[in-house]
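The numbers here are math on the coordinates, done by the rules we state, and not lab data. Treat the numbers as computed from the prediction; the structure is a model and nothing was measured. Here the Cβ positions follow ideal geometry from the backbone for every residue, glycine too, while neighbour counts run over all protein chains shown.
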Amino acid sequence: MSRSLVLPRPGTLPEPVVEVGGGAEAGGNEPARSSAGRRLPQPPGRRGRLWLAALIAGAVIAGVPAFTGGGATDIAATAADYGLGATSDVGMAGGMDDAAARQSITEAEAQARLGELAASRAAREPKTVLPTEGRLTTCFCMRWGTMHWGIDLAAPLGTPIYAATDGVVLRAGPASGYGNAVYIQDADGNVQVYGHMRYFDVRAGDVVHAGDQIAKVGNQGQSTGPHLHFELHRGGMTGRPFDPQQWLADRGITVG
């Protein structure tokens, strides 16, 4: 069978011959190419339509402020928006803001109130107390031919012994004739002697107030029964003794 050659008419170009790749015919994704090997433009697929829709939506959103009359808005969040408070209002050394400061008082005002409290408390407290709840068995007087330089208050063993007035403990511990004794100097410079106790609760240097427990009644030393021996020395430990019963009476305390 013979073939005839068909020549193009003058002034026309030959029709391009499009070859479809075998991958496309087999279901592949190989793009179509021309006989010269150049890539030919393809119509947009499904993905192209999605990108176009996204671009249109973005343009619409960007144009909304122009229709509403508003410009671009900057969003600024502070610590207060999250309930944390501004860091400048928090003092690392316990500082207060102005509102808190207005609710406080000055140190001078606090000190003045403390002084008033101390004064009212001092007014309520006794200045002098009976050293122990006991019965007077021996006075400040001659006994068995010698001078008894204090008073004896008989009481059961373990009965509390109290500081008669405010003062400072000079000494507490063993003492000749007393077994144990506590020596307290009061504000007038006088020294109070408490003797014959077995137990005592203070030591040298302690500050005591009238009514503070300092010991318990005992029967130590030269004693014929449990009692408290109470002496007063004027102006110091070696000062002249004077009558404790009269001293207590002068302060409104009766010894029974």
14 Å beta-carbon shell around Gly173, net charge (K/R +1, D/E -1): +1
Extension gain, Gln246 back to Thr137 (0.36 nm per residue minus Cα-Cα distance, nm): 37.7 nm
Shape category assigned to the stretch 185-237 from the gyration tensor of Cα positions, a/c cut at 1.5: oblate
